[in-house]
Amino acid sequence: MEYLKGQTTRWILPDFLKRLLPRRFNRWKFQSKIVLPCLTITIFLNTLYGIYWGRFSVKRQKFIFSRPVAVYSVLVGLIFAVYYVWQVYEEFTSGRISSRDTIKIYCYMNVCICLLNYVTQWGITGSIIRFQNSVPLFRVSNALDMSMMIVWRAVLDAALKMILCPLIVYVTLILYQNRAHPEMEWTSKTSVKTMLPLIISNQVNNCFFGGLVISNLMIAAINKRIRSIVREVNMMQTPLQMELQKPYYRMRRCCELADSLDKLAIKYALTVSRSRGYLRFTDWSMVMSMVMNLIGITLGFYNEYLAIADYYINEEPFDLYQAIVQLVFLAVPFMELILVSRISSQMLQENKKTGDLLQRIDLQYADVRFRQVVNSFWLQVSTIEYKLMPLGLLELNSSLVNTIFAAVTGFLLILIQSDLTLRFSLK
């Protein structure tokens, strides 16, 4: 395991990159060395897309506002808005887009989300920079022990949400356009222009998703340490250990564990408060994404129904290839919702597990100071109502997918009933 860990660390950071980093980086934990390149890539993409106006100052060792980056971001946002708004206007006025074109409508709805992200993220740039400087991410991460399996599982979840889902959509879009427009090359710029709004609209949500993944890792590591403390304290108070150990040893060991538990309480409070606090910077984007996905998924399934109904009732030709492509475009938003629901549920379960572990500690013969720390920690956990509710409208938990699915099913039943009534009334 140690050999694998060393090989993995060398693969993540080449020698020339290690020389550019401070010497204390070599003493960082494995999870911190994973988080650093991921965080760097995320900030780079935010800057590249024109969403973020800050930069990291090596001299000051903190994030600061950058005027050149702000000018670049405004230019990128204006070019994006002018190009896509004019393109949408031309296609609607010329009649080149209809309600049956699920793919185009879904992409143009993401244009609206992108414009909203630009406006909202630019308006809260100062708050975002202050929030970034207040998060002791690597200090807390280096103080916790995490297994490689849990870290790589978190990396896999992030890769599924941020890389695999856009890649599936991109490949499907290329295959669809290659069949619909065989005269164009499969590397057509049209695919890139169509994918760009989808990527930028998901960037803010991906940042929040990555923050939840990291927070979940930290809470899981805290619970792992609390679990070991629970076992040790409860074992020290068994009749056999009470006879073998002297009272002074138990008192000294309880004081050491109290210090450790006190530090864990501080890390827990930082992790929970920062993960909840980051939601207010992404809540508008998340709500709009859910609304647009709800509309897009409903419209997509309704168009699939119309194609099947026209085939069986009106005996019109059925394009199976286009139906499969549209199903892929509908499946990817569902996959993203499942991933968000899953990581949010894990975060809620880990927070609940923290309080349950503290209640398992036997305090009958424990030291007075240890009792005070445990009671204080448990009171802190019980008073924090950890809920992820963007704009207070919809809670992110395991029921999120069921809620969206129920809404889509309800709207579809209304639309299908209206369509069938109209079809048979005309006959």
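The values are calculated or read from the model by the stated rules, or taken from the named source; none is laboratory data. What you are looking at is a predicted structure, and each value in this text was computed from that prediction instead of being measured. Note that we place each Cβ from the backbone using ideal geometry, even for glycine, and neighbour counts take in every protein chain shown. The accessibility values were calculated without ligands, DNA or RNA, using every heavy atom of the protein model including side chains. Shrake-Rupley method; radii C 1.70, N 1.55, O 1.52, S 1.80 Å.
I'd like to check something: does the range 388-399 contain any residue that is in a helix (DSSP H, G or I) and open to solvent by less than 20 Å² (accessible area, probe 1.4 Å)?
yes
Any idea which of Met251, Met290 is buried (at least 17 other Cβ atoms within 10 Å of the Cβ) and in a helix (DSSP H, G or I)?
Selected residue: Met290, the only one of Met251, Met290 that is buried (at least 17 other Cβ atoms within 10 Å of the Cβ) and in a helix (DSSP H, G or I).
Go through the range 216-262 residue by residue and tally those that are under 30 Å from Ser341 (Cα atoms) and charged (D, E, K, R).
Residues in the range 216-262 being under 30 Å from Ser341 (Cα atoms) and charged (D, E, K, R): 3 in total.
Just one of the numbered conditions (1) among the charged types (D, E, K, R); (2) in a helix (DSSP H, G or I); (3) more than 30 Å from Arg253 (Cβ to Cβ); (4) open to solvent by 50 Å² or more (accessible area, probe 1.4 Å) is not true of Glu385; which one?
That leaves (2) as the condition not met.
Go through (1) closer than 30 Å to Ala258 by Cα; (2) without any contact (Cβ under 8 Å) to a residue 24 or more places away in the chain; (3) part of a helix (DSSP H, G or I) for Ile324 and report which single condition fails.
Unmet condition: (1).
Among the residues of the range 113-122, are any within 26 Å of Thr298 (Cβ to Cβ), open to solvent by 50 Å² or more (accessible area, probe 1.4 Å) and in contact (Cβ under 8 Å) with a residue 40 or more places away in the chain?
no
In the list Arg60, Arg96, Arg139, which residue meets the criterion of being free of Cβ contacts under 8 Å to residues at least 40 places away in the same chain, of a type in the set (D, E, K, R) and assigned to a helix (DSSP H, G or I)?
So the residue among Arg60, Arg96, Arg139 that is free of Cβ contacts under 8 Å to residues at least 40 places away in the same chain, of a type in the set (D, E, K, R) and assigned to a helix (DSSP H, G or I) is Arg139.
When you check Glu256 against the structure, is it of a type in the set (Asp, Glu) and open to solvent by less than 50 Å² (accessible area, probe 1.4 Å), yes or no?
no
Residues in the range 63-79 that are at pLDDT 90 or above and among the aromatic types (Phe, Trp, Tyr): how many?
Qualifying residue count for the region: 1.
Which residues, taken from the range 344-360, are open to solvent by less than 10 Å² (accessible area, probe 1.4 Å) and either under 24 Å from Cys165 (Cβ atoms) or not in a helix (DSSP H, G or I) (or both)?
Answer for the range 344-360, where residues must be open to solvent by less than 10 Å² (accessible area, probe 1.4 Å) and either under 24 Å from Cys165 (Cβ atoms) or not in a helix (DSSP H, G or I) (or both): Ser344, Met347.
Count, please, the residues in the range 406-427 that happen to be of a type outside the set (Val, Ile, Thr), closer than 21 Å to Val332 by Cβ and free of Cβ contacts under 8 Å to residues at least 60 places away in the same chain.
1
Considering only residues of the range 221-248 that are within 30 Å of Leu137 (Cβ to Cβ) and not hydrophobic (A, V, I, L, M, F, W, C), which is most open to solvent (accessible area, probe 1.4 Å)?
Checking each candidate, the answer is Arg231.
Need pairs with beta-carbon distance below 7 Å; first residue at pLDDT 85 or above and within the range 373-392, second open to solvent by 50 Å² or more (accessible area, probe 1.4 Å) and assigned to a helix (DSSP H, G or I); sequence gap 6+ or separate chains.
Taking only residues 6 or more apart or on different chains, the pairs are Val373/Asp262; Trp378/Gln359.
Taking the range 291-344, which residues are over 23 Å from the mean Cα position of the chain (by Cα), closer than 30 Å to Gly211 by Cβ and not small (Gly, Ala, Ser)?
Of everything in the range 291-344, just one residue is over 23 Å from the mean Cα position of the chain (by Cα), closer than 30 Å to Gly211 by Cβ and not small (Gly, Ala, Ser), namely Thr298.
Restricting to the range 208-243, give me the number of residues that are in contact (Cβ under 8 Å) with a residue 12 or more places away in the chain and either of a type outside the set (A, V, I, L, M) or under 30 Å from Ala158 (Cα atoms) (or both).
Result for the range 208-243: 23.
Can you run down the residue pairs with Cβ atoms below 8 Å, 6 or more apart or on separate chains, where the first is in the range 244-271 and under 18 Å from Ser228 (Cβ atoms) and the partner is among the polar types (S, T, N, Q)?
Listed by first residue and then by second, the contacts come to Ala258/Gln372; Ala265/Ser376; Ala265/Gln380; Tyr268/Thr354; Tyr268/Gln380.
Tell me which of these Phe281 doesn't satisfy, since it passes every other one: (1) exposed (fewer than 15 other Cβ atoms within 10 Å of the Cβ); (2) under 27 Å from Ile404 (Cβ atoms).
Going through the list (1) exposed (fewer than 15 other Cβ atoms within 10 Å of the Cβ); (2) under 27 Å from Ile404 (Cβ atoms), Phe281 breaks only (1).
Tally time: how many residues in the range 62-92 are open to solvent by less than 50 Å² (accessible area, probe 1.4 Å), among the hydroxyl-bearing types (Ser, Thr, Tyr) and over 14 Å from Gln121 (Cβ atoms)?
Of the residues in the range 62-92, 2 are open to solvent by less than 50 Å² (accessible area, probe 1.4 Å), among the hydroxyl-bearing types (Ser, Thr, Tyr) and over 14 Å from Gln121 (Cβ atoms).
If I ask for residues that are open to solvent by less than 90 Å² (accessible area, probe 1.4 Å) and either basic (Lys, Arg) or in a helix (DSSP H, G or I) (or both), which ones from the range 363-382 would you list?
Arg369, Phe370, Arg371, Val373, Val374, Asn375, Ser376, Phe377, Gln380, Val381, Ser382
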